[in-house]
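> Sharing a structure here in structure tokens format.
Computed from the coordinates by the stated procedures, all read-outs in this text should not be read as laboratory data. Because the structure is predicted, anything quoted here is derived from the model rather than measured. Neighbour counts are summed over all protein chains in view; Cβ atoms, including those assigned to glycine, are modelled from backbone coordinates with ideal geometry.
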Amino acid sequence: MKTLFNFTTAAAALLFASAAHSQAPAPLKVGFMLPATGTFASLGNNIESGFKLFVQEQGGKLGGREIQYFKVDDESDPSKATDNVNKLIKRDQVDVLVGTVHSGVALAMAKAAKESNTLLIVPNAGADAITGPMCGPNIVRSSFSNWQPGYSTGVVMAQKGYKRAMTITWNYAAGNETVKGFAEAFEKGGGKVMKDLTLPFPNVEFQALLTEIAAQKPDAVFAFFAGGGAVKFVKDYAAAGLNKSIPLYGSGFLTDGTLEAQGSAAQGIFTTLHYADNLDTPRNNAFRKSYALTYKANADVYAVQGYDAAQILAAGLNAVKGDFSKRDAMTTAMRKVVVDSPRGKFTISPAGNPVQDMFLRQATGNYNEFRSVAVKALADPARGCKL
Ligand code: PHB
């Protein structure tokens, strides 16, 4: 009798345990592949912080699923990118990849994601091909294409009446594509690019190139640099005295997340980007407050892009109530979402890239202040994307 009683109790306990188990789905595995070292380290950190902030605001769950994080430092090194992304895909078997900052590394991630049918959300890297020839339902970007900030700065500089510009950047996908977008709009607006100057990524030996700018005397300079390299470039440009004679413009990364380190050298610089620090909307104010309280630091564009990557994932997971096996319904929802971003509401193009307002900003104190809308609802042309 006693044995029988024990047996039924144990069976009931087992049944109860398995019922409880089936009610609580396994956590969703999110793999961050971001730079934790090198010139883009702080950018990677802020993307991760932004992503986690949104998840935290939802009580730690998206679509009813707990989120479990995995992490790889990609060092912004394209030569290690395939090995690094496979640590997340094969070793950790993540459900979703989130990364990265560097366009060259992101291209390798996109290739691996396509081959393994892994969902990829790109929270920064602008490589045009990701939402161009490589586009697909499993890949979506919460940030921008390199073409977008280049193009919008070209529009602004042509409108200001500059005729002869020089460009300067790192010789890699992001630099070259940003400059191409810039030239397209600047020359359409009546300007002429006199010369493109480059140096290898992530070099910061700018002196010879600054000497060439001083000698050629363009009306203005357009630059793409970011992170630690942008800090050094803006300081060197001012130290050479060029900021007094030749106006420096850039895509907004030149002065985003960098102003404290750049100090007086950056004051007054005009850039365009899909975010400005002081957008005075309830959404942006609440976001910045929440970010500052959580991390004791100011939010920047990278934090916004990380936050919005989590919002896009949430839209997908909510649509399928956390059932990740309903992949088509999920990726469709991730395309249809209107993202209520701190930058302002934006939609996602069929190719998977944000369609968004580009702002003219001016570096003022520690903030990139909004000046005007440079181009409204700018959509990347998605050249080469076949859906
Ligand atoms: C890129 O490599 O695509 C890239 C890197 C840093 C930025 C923006 C774009 O701030």
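> Sort out for me the Cα centre separation of segment 268-334 from segment 30-52, rounded to whole Å.
With segment 268-334 and segment 30-52 each reduced to a Cα centre, they are spaced 14 Å.
> Could you pull out the trypsin sites (Lys or Arg not before Pro) across segment 309-341 that fall in loop regions by DSSP (anything but H, G, I, E, B) with no more than 12 other Cβ atoms inside 10 Å?
Listed in order of number, the matching sites are K321.
> Cut-off 10 angstrom, C-alpha nodes, Gaussian network model of the chain. Which of F222, F201, F253 fluctuates the most?
Among F222, F201, F253, the largest GNM mean-square fluctuation belongs to F201.
> Apply the Karplus parameterisation 6.51 cos²θ - 1.76 cosθ + 1.60, with θ equal to phi minus 60°, to every residue of segment 259-264 and state each ³J(HN,Hα) to the nearest whole Hz, in sequence, with x for glycine and proline.
4, 4, 6, 7, x, 5
> Which of the pairs K29/K321; K52/K376; K321/K376; K244/K376; K90/K296; K71/K114 have their Cα atoms more than 25 Å apart in this structure?
Those over the limit are K52/K376; K321/K376; K244/K376; K90/K296.
> Sticking with this structure for a sec: Please give me the summed charge of the neighbours of A261: other residues whose Cβ is under 14 Å from its Cβ, Lys and Arg +1, Asp and Glu -1.
-2
> Which shape class applies to segment 147-273: rounded if a/c is under 1.5, otherwise prolate when a/b exceeds b/c and oblate if not, where a ≥ b ≥ c are the square roots of the Cα gyration tensor eigenvalues?
Since a/c stays below 1.5, the shape of segment 147-273 is classed as rounded.
> Could you give me the ³J(HN,Hα) list for segment 357-370, computed from phi with Karplus coefficients 6.51, -1.76, 1.60 and θ = phi - 60°, whole Hz, x at Gly and Pro?
Those phi angles translate into 6, 10, 9, 8, 10, 10, 5, 9, x, 9, 10, 8, 8, 4 Hz.
> To continue, here is another question. Using θ = phi - 60° and the Karplus relation 6.51 cos²θ - 1.76 cosθ + 1.60, list the HN-Hα couplings for segment 84-101 in order, rounded to whole Hz, with x at every Gly or Pro.
Using θ = phi - 60°, the values come out as 5, 5, 6, 4, 7, 6, 8, 6, 8, 6, 5, 7, 10, 9, 10, x, 9, 8 Hz.
> Evaluate the relative contact order of the chain (contact order divided by residue number), counting alpha-carbon pairs under 8 angstrom at least 6 apart; express in whole percent.
18 percent
> Would you mind telling me which residue in P282, P133, P149 has the biggest mean-square fluctuation in a Gaussian network model of the chain, where springs connect alpha carbons within a distance under 10 angstrom?
In the Gaussian network model the winner is P282.
> Given K163/K232; K188/K232; K160/K192, which pairs have Cα atoms separated by over 21 Å?
K163/K232; K188/K232
> Rounded, prolate or oblate, given the Cα gyration tensor of the chain, with a/c below 1.5 counting as rounded?
Since a/c reaches 1.5 and a/b is larger than b/c, the shape of the chain is classed as prolate.
> Right, something else. Give me V179, V122, V155, V373 ranked fewest to most by other Cβ atoms within 10 Å of their Cβ, as a rough exposure proxy.
Result, fewest neighbours first: V373, V155, V179, V122.
> Would you mind checking the tilt of helix 103-116 against the longest principal axis of the Cα atoms of the chain, expressed as 0 to 90 degrees and rounded to 10?
The angle comes out at about 30 degrees.
> Using alpha carbon centroids, what distance separates segment 183-261 and segment 103-149, in Å?
Result: 26 Å between the Cα centres.
> Taking the Cβ of S103 as the center, what net charge do the other residues with Cβ under 9 Å away carry, scoring Lys and Arg +1 and Asp and Glu -1?
Taking every other residue near S103 into account, the sum is -2.
> Given points 7 Å out from each Cα along the Cα-Cβ axis, report the K111 to V338 separation in nanometres with one decimal.
Placing both labels 7 Å along Cα→Cβ, they lie 3.9 nm apart.
> Taking the Cβ of each residue in M109, M134, M157 as the centre, tally the other Cβ atoms inside 10 Å and list the residues starting with the fewest.
Final ranking by Cβ density, sparse to dense: M134, M157, M109.
> Could you identify which residue out of G316, G352, G136 has the top mean-square fluctuation in a GNM of the chain using Cα springs shorter than 10 Å?
Between G316, G352, G136, it is G136 that shows the largest mean-square fluctuation.
> For a footprinting-style exposure proxy, rank F182, F359, F70, F224 by other Cβ within 10 Å, fewest first.
Taking fewest neighbouring Cβ atoms as first place, the list is F70, F359, F224, F182.
> Same structure, new question: Once the Cβ-Cβ distance between A377 and N298 is put in as r, and R0 is 25 Å, what FRET efficiency do you end up with, to the nearest 0.05?
0.40
> Moving on to the next point. Tally Lys and Arg at +1 and Asp and Glu at -1 over the other residues with C-beta under 13 Å from the C-beta of F224: what net charge comes out?
-2
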